[in-house]
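Everything on this sheet refers to the single structure shown next.
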Amino acid sequence: MRSFWQAWLLAVLFLIVHAGSDAQSQFIGSPAPSSTISALNVDTTYLSPPLQFDFYATSCPEAPAIVSTMVMNATSYDFTVAPQLLRMFFHDCIVQGCDASLLLNSTLLYTNSPLYAEKDFQKNDRFDKFSFVDSIKQELESVCPGVVSCADILAMAAVSAIAATQGPEYQIELGRRDGLSSYQDNAQTHLPGFYLNVSGLLDSFNNAGLDIVDLVALSGAHTIGQGHCDSIQDRLQSPPIYPIYPSYFLNQMRTICQTPDGTFDNNVVAIDMDVNSTFIFDNGYYKGLIAGVGLFTSDQFLYTDPRTMPLVELFAQNQELFFQQFGVSLRKMGKINVLTGTQGQIRQNCWVRNSNTADVDFLPRI
């Protein structure tokens, strides 16, 4: 049975890589033909938002180049910029849609009554590149005031981050507008946990309109960046919780994350998520899963579950296939519950709603 599914998945993913004959259809991340989408059983309603690749061609043609240059320059001296930008886009979109709600600061709705935003949820407060996103916004405001949304900045920064780490140069549609609300509880509910099995991960992705192929492909973002020791504490127990690290890797992780007496060390914060090539966007993440060294429990479960194992093996064997599907899934994710037209607003500062917003009680937190 497993060989049948491997053959079927290879066939349909092969269509993605080879769909179309002209140069434009071969561009990485370009729209897959409808026949391919049907074969993958993808919900094509994600194609409906009125986003465009050239949305700023007239209003701010410099925008993509400005974002790309700033991300490339920042990544050249601080590797953590790229993986954080890529994950910030996911963390924004998966919660209540790609509306830059992740970037809003917590507020005081009423006196002495804190209303915490997504930014303050534990999995988000580890991001320390919010100020870098603000710097991109400031640069764009100096060139094209009031034109480029913070939501689109996250999208452009994500694809720029991939290119900055030797990955493909993806295109992504633009035209999103910024949301007006942000709630920590939403992040807690919708962001997938480090300990989830495939069923739990699928619940999270399905709720956002993403499927099993998207799950495995987008998990490949873990090919760059670092995790935290407290995210793998369940796997360092004695005996460790299934799925178990290979003994050499378990000992290595315990050396990094525990003190000599075996106490968990909360001060250690960073471990490579892709032991093969943590500074390069490639398919090394999947090779690591096959070797049993996926960092998070949720990572390694992708290779222990028969529903996702064939896709892991395919992406490990064929990097171009992974690149193609990642581009399709990233574009699909980038259209989750987007605001367009007159919805939302174009924030002047990404961390706070514009001062003329109707709900005056929603003020910046001091």
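The values are calculated or read from the model by the stated rules, or taken from the named source; none is laboratory data. None of these values were measured; they are calculated from a predicted model. Quick reminder, even Gly has a Cβ in these numbers, built from the backbone with ideal geometry, and neighbours come from all protein chains shown. Side chains included, ligands, DNA and RNA excluded: accessible areas come from the protein's heavy atoms. Shrake-Rupley method; radii C 1.70, N 1.55, O 1.52, S 1.80 Å.
Restricting to the range 118-133, name every residue that is part of a helix (DSSP H, G or I), out of contact with any Ser or Thr (no Cβ under 8 Å at 6 or more places or on another chain) and open to solvent by 40 Å² or more (accessible area, probe 1.4 Å).
Filtering the range 118-133 for residues part of a helix (DSSP H, G or I) gives 118-120, 130-133.
Retained after the next criterion (residues that are out of contact with any Ser or Thr (no Cβ under 8 Å at 6 or more places or on another chain)): 130-133.
The one that is part of a helix (DSSP H, G or I), out of contact with any Ser or Thr (no Cβ under 8 Å at 6 or more places or on another chain) and open to solvent by 40 Å² or more (accessible area, probe 1.4 Å): SER131.
Consider GLY167 carefully, then state whether it is over 17 Å from ALA100 (Cα atoms) and among the small types (Gly, Ala, Ser). Can you show your working first?
On the way: over 17 Å from ALA100 (Cα atoms): yes; among the small types (Gly, Ala, Ser): yes.
Yes.
Filter the range 203-230 down to the residues that are closer than 11 Å to SER329 by Cβ and in a loop (DSSP other than H, G, I, E, B), then identify the one that is most open to solvent (accessible area, probe 1.4 Å).
Selected residue: ASP211.
Please list, ordered by residue number, the helices (runs of 4 or more DSSP H) wholly in the range 254-363 having 3 or more residues that are without any contact (Cβ under 8 Å) to a residue 40 or more places away in the chain and over 26 Å from GLU173 (Cβ atoms). First the steps, then the outcome.
Numbers: elements: 284-290, 297-304, 309-317, 319-333.
Output list reads 284-290.
One residue is enough: does the range 231-238 have a residue meeting the conditions open to solvent by less than 10 Å² (accessible area, probe 1.4 Å) and within 20 Å of the chain's Cα centre (by Cα)?
Within the range 231-238 (the criterion being open to solvent by less than 10 Å² (accessible area, probe 1.4 Å) and within 20 Å of the chain's Cα centre (by Cα)), the answer is yes, since at least one residue qualifies.
Can you name every residue in the range 298-341 that is over 25 Å from ALA161 (Cα atoms) and among the polar types (S, T, N, Q)?
THR304, THR308
Within the range 134-150, count every residue that is buried (at least 24 other Cβ atoms within 10 Å of the Cβ), among the hydrophobic types (A, V, I, L, M, F, W, C) and over 18 Å from the mean Cα position of the chain (by Cα). Outline the logic, then answer.
Applying the first criterion (buried (at least 24 other Cβ atoms within 10 Å of the Cβ)) to the range 134-150 yields 136, 140, 148-150.
The next check asks that each one be among the hydrophobic types (A, V, I, L, M, F, W, C); those that pass are 136, 140, 148, 150.
The next check asks that each one be over 18 Å from the mean Cα position of the chain (by Cα); those that pass are 136, 140, 148.
Number satisfying all stated conditions: 3.
When only residues in the range 151-174 that are within 21 Å of LEU210 (Cα to Cα) and part of a loop (DSSP other than H, G, I, E, B) count, which is most open to solvent (accessible area, probe 1.4 Å)? Outline the logic, then answer.
First pass over the range 151-174, keeping only residues within 21 Å of LEU210 (Cα to Cα): 151-152, 154-156, 158-159, 162, 170-174.
Checking the rest, the ones that are also part of a loop (DSSP other than H, G, I, E, B) come to 170-173.
Working: TYR170: 19, GLN171: 80, ILE172: 13, GLU173: 10 Å².
The extreme case among them is GLN171.
Is it true that some residue in the range 190-202 is within 30 Å of ASN354 (Cα to Cα) and either assigned to a helix (DSSP H, G or I) or without any contact (Cβ under 8 Å) to a residue 12 or more places away in the chain (or both)? Spell out the reasoning first.
From the range 190-202, those within 30 Å of ASN354 (Cα to Cα) are 190-191; that's our starting set.
Then drop every residue that is not either assigned to a helix (DSSP H, G or I) or without any contact (Cβ under 8 Å) to a residue 12 or more places away in the chain (or both), which leaves 190.
Checked the range 190-202: at least one residue is within 30 Å of ASN354 (Cα to Cα) and either assigned to a helix (DSSP H, G or I) or without any contact (Cβ under 8 Å) to a residue 12 or more places away in the chain (or both).
Does the range 119-139 include one or more residues that are on the phi > 0 side of the Ramachandran plot and of a type outside the set (A, V, I, L, M)? Working first, answer last.
Step one: filter the range 119-139 for residues on the phi > 0 side of the Ramachandran plot, giving none.
No, the range 119-139 has no match at all.
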